[in-house]
Amino acid sequence: MKELSQTFTNSIFSFQKNQDFNFIPKQKTQLTSMFAQMLQNQKWIFDEKRKLIRIGTTKDRYSIMGITPKIEKNNAYFKLEEVEISLELIKV
């Protein structure tokens with residue numbers, strides 16, 4: 001679980017206005033490369049009903065990754081649904 005957590009530490013989650021999504025890892029490991037490849041050139045939508053950011057394409061029904069955003073005490077967090085990891089966000 002520690003290696004998985006480190007995969008996302010200091011990485012960039014890029015959400016564009018045109019719904020493009022990219023994951024840019026800070027570290028270069030086999031695991032980060034796998035996630036980078038899986039998340040490369042994907043799209044994102046916000047599921048208003050579930051309050052969930054969904055990553056993928058219409059073809060896979062945005063099922064590659066689910067991210068629950070949360071704001072608590074003026075800090076923003078992402079909870080990665082598939083791996084039960086919470087990340088504190090810093091806007092760049």
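The values are calculated or read from the model by the stated rules, or taken from the named source; none is laboratory data. This structure is a prediction, so every number in the text was calculated from the model and none was measured. Neighbour counts are summed over all protein chains in view; Cβ atoms, including those assigned to glycine, are modelled from backbone coordinates with ideal geometry. When the accessible area is computed, the model is the full protein with side chains, heavy atoms only, and any ligands, DNA or RNA have been set aside. Shrake-Rupley method; radii C 1.70, N 1.55, O 1.52, S 1.80 Å.
For this structure, a couple of remarks:
- Segments classed as strands (runs of 3 or more DSSP E), wholly inside segment 1-57, with at least 2 members that are open to solvent by less than 40 Å² (accessible area, probe 1.4 Å) and farther than 18 Å from residue 86 by Cβ: 42-47
- Contact annotation: residue pairs with Cβ atoms under 8 Å, 6 or more positions apart or on different chains, pairing a residue in segment 5-25 that is closer than 9 Å to residue 43 by Cα and touching a residue at least 24 places away in the same chain (Cβ under 8 Å) with a partner that is open to solvent by less than 60 Å² (accessible area, probe 1.4 Å) and among the aliphatic types (A, V, I, L, M), are 15/53; 19/45; 21/39; 21/55.
- Each residue in segment 18-54 was checked for being among the basic types (Lys, Arg), over 14 Å from the mean Cα position of the chain (by Cα) and more than 22 Å from residue 77 (Cβ to Cβ), and 1 of them qualify.
- Count of residues meeting criterion [at pLDDT 95 or above and either within 16 Å of residue 8 (Cβ to Cβ) or of a type in the set (Val, Ile, Thr) (or both)] in segment 29-43: 1
- Looking only at segment 33-48, and only at residues there that are polar (S, T, N, Q) and out of contact with any strand residue (DSSP E or B) (no Cβ under 9 Å at 6 or more places or on another chain), the one that is nearest to residue 61 (Cα to Cα): 37
- Evaluated against (1) exposed (fewer than 12 other Cβ atoms within 10 Å of the Cβ); (2) part of a loop (DSSP other than H, G, I, E, B); (3) modelled with pLDDT of 90 or more, residue 71 falls short on exactly one condition, (2).
- Residue 63 satisfies every condition listed in (1) touching a Lys or Arg at 6+ places or on another chain (Cβ under 9 Å); (2) of a type in the set (Gly, Ala, Ser); (3) not in a loop (DSSP other than H, G, I, E, B) except (3).
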